[in-house]
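> Could you have a look at this structure, given as structure tokens, before my questions?
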Amino acid sequence: MKDRVSIDFKDGIADVRLIRADKMNALDNAMFEGIIEAGDTLREMKGLRCVVLSGEGKAFCAGLDMASFAAMKAQDGNSVTRDLPRRTHGIANRPQQCAWQWRTLPVPVIAAVHGVAFGGGFQIMLGADLRYATADARFSVMEIKWGLVPDLAGTQLMRHLVREDVARELTYTGRIFDGTEAQTLGLVTKIVADPRAAALETAKEIAGKSPDAIRAAKRILNNAVAVDAAAGLMDESVEQQKLIGSPNQIEAVMSNLQKRAANYKD
């Protein structure tokens, strides 16, 4: 992981960076492994309150490394049969886990995007709870250019952010669009000059809230995209019942009443 992804942890915030800057953080086998390992590390990290995900150098992530296309062919020129339908990480396979794990991580994840987020990089960005980007950042569901479909959970993540016809148009054409349009479409949360700095500031705000309530809120919001109204209302009730009267909930009330900084316990 260390030559592909770095993690700096301070005050409950994990600053996760893709560090293959010389290749615009393109996805090779080592990058896939590094991202998954980073997710596993975060899942076990004590005191984690929020994650900021960004890329070093000129880009967030340029998508699949061109050299990796050669690995799709066997030495005799025939396509290698990869067992993509096999589930390796719950409901996801290995490539999908690189994007899906940010959605299933129990704390909020903020993607900070600059340069480009193409193909797999675009899908990894979609896995975050929030996405901050520069106005001139460039995006593309680029798989169609290579005769492929988005398969890093992109179809399942994108369909909850944009209209169905928009998802289809972007997927069918693979066209490149900028941050301003991405925000208009609903794919970017906020346009800022310095996405990473803004993301870290928001992460600091989130880290100051009750970790129990934040995690419960993420569980509810994650479930909301897949359940009907009755199940969603029940999710709210179950999570709220667990929070009311808990130590961190009492601390939230008392710190506000006493006008002091809260001292939450993980």
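> Being touching a residue at least 40 places away in the same chain (Cβ under 8 Å) and surrounded by fewer than 13 Cβ atoms within 10 Å (Cβ to Cβ) is the filter here; which residues of the stretch 226-266 pass it?
Passing the criteria: 261, 266.
> Looking at 196, 219, can you tell me which residue is touching a strand residue (DSSP E or B) at 6+ places or on another chain (Cβ under 6 Å), assigned to a helix (DSSP H, G or I) and modelled with pLDDT of 95 or more?
The unique qualifying residue is 196.
For (1) over 21 Å from residue 100 (Cα atoms); (2) in contact with a Gly (Cβ under 7 Å, 6 or more places away or on another chain); (3) in a loop (DSSP other than H, G, I, E, B); (4) not hydroxyl-bearing (Ser, Thr, Tyr), each residue gets a yes or a no:
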| residue | (1), (2), (3), (4) |
| --- | --- |
| 128 | no, no, yes, yes |
| 136 | yes, yes, yes, yes |
| 143 | no, yes, no, yes |
| 150 | no, no, yes, yes |
| 156 | no, no, no, yes |
| 165 | yes, no, no, yes |
| 170 | no, no, no, yes |
| 188 | no, yes, yes, yes |
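> Moving on to the next point. Return the residues of the stretch 114-132 that are under 12 Å from the mean Cα position of the chain (by Cα), within 14 Å of residue 177 (Cβ to Cβ) and of a type in the set (Phe, Trp, Tyr); say none if nothing qualifies.
122 - this is the single residue of the stretch 114-132 that is under 12 Å from the mean Cα position of the chain (by Cα), within 14 Å of residue 177 (Cβ to Cβ) and of a type in the set (Phe, Trp, Tyr).
> Need pairs with beta-carbon distance below 6 Å; first residue within 17 Å of residue 221 (Cβ to Cβ) and within the stretch 148-164, second part of a loop (DSSP other than H, G, I, E, B) and aliphatic (A, V, I, L, M); sequence gap 6+ or separate chains.
Close Cβ pairs (under 6 Å, with a partner that is part of a loop (DSSP other than H, G, I, E, B) and aliphatic (A, V, I, L, M)) amount to 160/225; 161/187.
> May I ask you to verify whether residue 39 is in contact with an Asp or Glu (Cβ under 8 Å, 6 or more places away or on another chain), modelled with pLDDT of 95 or more and either in the same structural domain as residue 120 (by TED's automatic domain parsing) or crowded, with 23+ Cβ neighbours inside 10 Å (or both)?
Judged against the criteria, residue 39 is not a match.
The values are calculated or read from the model by the stated rules, or taken from the named source; none is laboratory data. A quick note: this is a predicted structure, and the numbers were derived from the prediction, not measured. As a convention, Cβ positions derive from the backbone with ideal geometry for all residues, glycine included, and neighbour counts pool all protein chains shown.
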